[in-house]
1. Which residues, taken from the range A:1-27, are surrounded by 16 or more Cβ atoms within 10 Å (Cβ to Cβ) and either in contact with a Ser or Thr (Cβ under 6 Å, 6 or more places away or on another chain) or without any contact (Cβ under 8 Å) to a residue 24 or more places away in the chain (or both)?
2. Here is a list: A:79, A:71. Which entry is crowded, with 22+ Cβ neighbours inside 10 Å, of a type in the set (A, V, I, L, M, F, W, C) and outside any helix (DSSP H, G or I)?
3. What is the residue count in the range C:64-82 for residues that are over 20 Å from residue A:132 (Cα atoms) and more than 7 Å from chain A (Cβ to nearest Cβ)?
4. Hey, does the range A:380-395 have a residue that's among the basic types (Lys, Arg) and in a helix (DSSP H, G or I)?
5. Output the number of the condition that residue A:458 fails; it satisfies all remaining conditions of (1) more than 23 Å from residue A:237 (Cβ to Cβ); (2) touching a residue at least 12 places away in the same chain (Cβ under 8 Å); (3) within 14 Å of chain B (Cβ to nearest Cβ).
6. Which one of these is out of contact with any strand residue (DSSP E or B) (no Cβ under 7 Å at 6 or more places or on another chain) and more than 30 Å from residue A:187 (Cα to Cα): A:239, A:215?
7. Got a number for residues in the range B:90-126 being assigned to a helix (DSSP H, G or I) and more than 14 Å from chain A (Cβ to nearest Cβ)?
8. Picking from A:306, A:373, A:386, A:331, which residue would you name as being aliphatic (A, V, I, L, M) and away from every other protein chain (no Cβ under 12 Å)?
Amino acid sequence: MSGVALPLSFFVPLLTALVVFVIGVRRAYGVILLGALTTLAVALYVAYAVAVGGPQVHYLGGWEPPLGVELYADGLSALMLAMTALVGAGVTLYAGPYLRGKGHDGERFWPLWLVQWATLNGTFLSADLFNLYVMLELLTLTAAPLAAMAGDRPSLAAAMRYLLLALLGSMAYLLGVALLYGGTGTLHLREAGELAGAEPYTAVAAALMTAGLFAKAAVFPLHIWLMPAHSNAPAPASAALSALVAKAGLYLVLRLWLWTFPALLSAPMGWLIGGLGAVAVVYGSVQALRQPRLKQVIAYSTIAQLGYLLLLLPLVALPAAAVSAWHGVVLHALAHGFAKAGAFLAAGNMIYCLGHDRLEGLRGVTPYLSVTLLALGLAFVSLMGLPPSGGFLAKWLLLEGALAAGQWFWGGVVLLGGLIAAAYSFRVLALAHAEVPHGYAEIRSPRRLPPAMEWAPLALVLLAYGMLLGGVPILELLDQGAPEGVR
Amino acid sequence: MSLDAVHELLPLWALLASVITAVVIFALRDHRQRQRTFWNLFGASVKLVLVLLMLHGVMLGHSYEVVYPVLPGVTLLLTVDALALLFAFLSAVLWLVTTVYAVAYLEHSGQRARFFGFFSLCVAATFGIALAGNLFTFFLFYELLTLATWPLVVHRGHPAALAAGRTYLAYTLGGGVALLTGVVAVQAALGDVAFSAGGIPAFSDWAEAEPFQATAVLALMLAGVGVKAALVPLHRWLPVAMVAPAPVSALLHAVAVVKAGAFGVVRILQDVAGPEVAQTLGVAPVLVALAAVTILYGSVRALAQTDLKRRLAFSTVSQVSYITLGVALGGPLALLGGLVHLVHQGLMKITLFFCAGYYAETRGIHRIDELDGIGPRMPWISAAFTVGALGMIGLPPVAGFISKWYLGLGALEQGQTWLLGVLVLSTLLNAAYFLPVLRRIWMLPEPAGRPEVPPERASRWLLYPALFTAAAALLAGLLAAWDVSPLGWAQRIVEQEYPAP
Amino acid sequence: MTQAAFFSLVAGALSGIAIYGLITQRHLLRRILAVNVLGNSVFLLLVALARRDPDYVDPVPHAMVLTGIVIAVSATAFALVLARRYYSETGLTHLPEDEE
């Protein structure tokens, strides 16, 4: 049974997308919800199966590697799958009323989003480097149209820019795969790692694949496309892009460096990649501090938050730091997923009610949007890593790893990033507390939110706080199938 | 769940009492005033009863412990010892009193659901700080307190409030970073270690092996809590935060924020490092000097203030450092003085802020020179103010005298005679900035043409809390020899920290 | 020079041209074209890899190239549609930040 669950988590959303595409959204709304709930159940089941029975393997169609495609779920995959499913369910529930309220039926949104969900699951489950290439391309091909959905000048330009950069990134990745295959004769993620030592061609392959993925994940200095693309997409799409799609790229970076190229992970290499992450943390946060619109703030915060994930690479080679840093980074990925999705959906509520997301508009909206603002505030608290959020646990573990290994520099980056995040968060939250300026007349009272839109962001954000209760089981799940050094 | 298990989890129930109150109040719509008041008082009373139950248990020699593993090697630990109860009981009592006051004070302002929700959350955080059994738990609630108080500081939403909020955050979050660094460094070096009376043994071993690191870590942690304890030069946020509504000021100054900082100093010096290690590392003497400077600086600045609340704020800066001074001095007598002042300063300062809020609310009085002749007009509230002010000066039999007495004895015990000079000078300064206020209230004639404002009905509920805390401050001094007076309880703590050989 | 080495060299040259084009050209069509040339260079390299052992043809790279071409076609199609839409919306044939 558990073997079937792996392909199911890919095919259920894909089939749902097909059905929706064929019979039309208006008649298929129930199918969408059913598909989303089934995917959620399957993903949670995979997590349960991995937690109980260790890593799960499935050969598609019974074909074994090298010709067949292997699906593989270890603790990391299972956690990413479950997080994606929870965020995905939230986005799905939210998107229906949001799109209806904005006056379109989501004819274009639903198939794209469901295929994207399937692709994300495929990315987390593939153990085959070429299959991962296919997934990456599919991610681009679903993310770019979602970013362009608004159809106006900024979003079309953003989507175009994203598409070109992402295609370039895919090609770099594919070139790396080709080199690695030429050297080792295998496309299997772990086997290639066992066969490839620290030779020149592996180094080139690693560099190409990493650079390609950086373009897809908007790592500094390839970050320019992210802010316009994510902030101009419709809110549910922004949530999926920021919380899941960009992170899938970085997931793969970490997967490659820990499973395939650990031999190459020298101190200078760690410093180089970690340094890029540190620059992203500071740069993204400072930019977020200067944006006039809520979604722009949240989008820049994504650039910063993704940077934290790269801080793993300089720390993971140090035995004193490895386990804590690894645990911290994965918790960060999960907490950021929940908090970021919640924040974008909350911003969507603001747009829904007020028609815009300029920060000044937050003045005096508390009575109408109190649940939304609570979700937004809680999301920001997790993003800045303050207790009692999951972001805090992640920050604690990263810091503990850094300090245990005497790496005060990386510890400082984590702390500084948290402080600047607090600055941009409270800049937003202070406006929500500010009194309405004198002489301000309300032109029309804001629209009432449908319940699903009101509560979905809060539910997602609260998941990041639930991590305080579930930290131990989550990390035990993560240890399933983890490489030697980080267990 | 058996009754025993329910009893064992008392700390959790008491914590949840305020968390649930906060959630319920957030969920109530703004105009549901009666329901909100009911829940407020209900939550506060339930909590007080639960704390009293624990107090009873601890007196019978029972100890409570709630453990939850949050991460591998990191636990959330709530323990109830005598020291924890001292602070928990203080906050539970004063929360109830302040709630009554705040309900009356904010009757007509907007956004009350948000205000009272965060108000309850703030007390939950304070309670968590009191019961924290290790550094992780302490930090968790310490930062939660920052988050829960910020909405109260910016509550009014005008530009001055927002600016005060920014200053408040800059200081407290900066302090939080220092504290986090220190706390995580301890965790990285020693693992998950619980507080232990007289110092964690592993910490003193570490301090011997790595004196430099241990000093740095200890200094970082103390700087972190020093921000909330308003030690010079980290005190600037406190007077600025005065723009908040009066009940918030009362809460910030007497119960929650400042006390959390002072309590943190006690925990870190006594139960993490231990007084001897703190002495040998050279951290305690520096802290004594800083506390002495803060005591004098706060008093001098208070002299120059013309605004009543600002004068009280600088007085807080000065008075809270008595606690720090007592703990940093080391030795049982000084610790006793510091601990007992934790309670006494709370009672006296909250009285003064209640009175200041009362004057402002009923007569629009903010500046000290507007107080002329108000005493005969409003005798009850002015009497409460007088008790608080005389206590702050240290006049017997009000509670403040007891604190100063033991602090002085402690300074002599440690051979730091110069501190007696500081205490005397500070007392003179206290007198210099409080006595003129009392003179204006009672002696000077009322200026002609003061508008006659009929006191509102609600203002009675502004009066009773002030009378209650003033009476408590008086009784704490009169009944100091009693077993469960603040002094008696502090003695119990000191016996644990310095067990008789 | 073996066949494989020759094809690899050609692939290298092609990818150089493609990246040069992608960086220097502002016109969207040309950029899309450059991405296609880049893709073809990678495919060529894969084909060369299949013959790295003169006695044996490796089928896996061929399968990869076939899949890759399918993806490249769909990506190009979407890029062209997006470029058209962008042109009809703005009247521009290049991205706004490339304006001089």
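The values are calculated or read from the model by the stated rules, or taken from the named source; none is laboratory data. Note that this is a predicted model, so its numbers are computed, not measured. Cβ sites come from the backbone with ideal geometry, for glycine too, and all protein chains shown count toward neighbours.
1. The answer is A:12, A:13, A:15, A:19.
2. One residue alone meets the criteria, A:71.
3. Filtering the range C:64-82 for residues over 20 Å from residue A:132 (Cα atoms) gives C:77-82.
Restricting the remaining residues to those that are more than 7 Å from chain A (Cβ to nearest Cβ) gives C:77, C:80-81.
Count: 3.
4. As a first pass, look at the range A:380-395 and keep what is among the basic types (Lys, Arg): A:395.
Narrowing the set further to residues that are in a helix (DSSP H, G or I) leaves A:395.
Looking for residues that are among the basic types (Lys, Arg) and in a helix (DSSP H, G or I), one finds at least one in the range A:380-395, hence yes.
5. That leaves (1) as the condition not met.
6. After applying the criteria, what remains is A:239.
7. Let us first name the residues in the range B:90-126 that are assigned to a helix (DSSP H, G or I), namely B:90-105, B:112-126.
Narrowing further to those that are more than 14 Å from chain A (Cβ to nearest Cβ): B:90-105, B:119-120, B:122-123, B:126.
Selection size over the range B:90-126: 21.
8. Details: A:373 fails: away from every other protein chain (no Cβ under 12 Å); A:386 fails: away from every other protein chain (no Cβ under 12 Å); A:331 fails: away from every other protein chain (no Cβ under 12 Å).
Only one candidate passes the filter, namely A:306.
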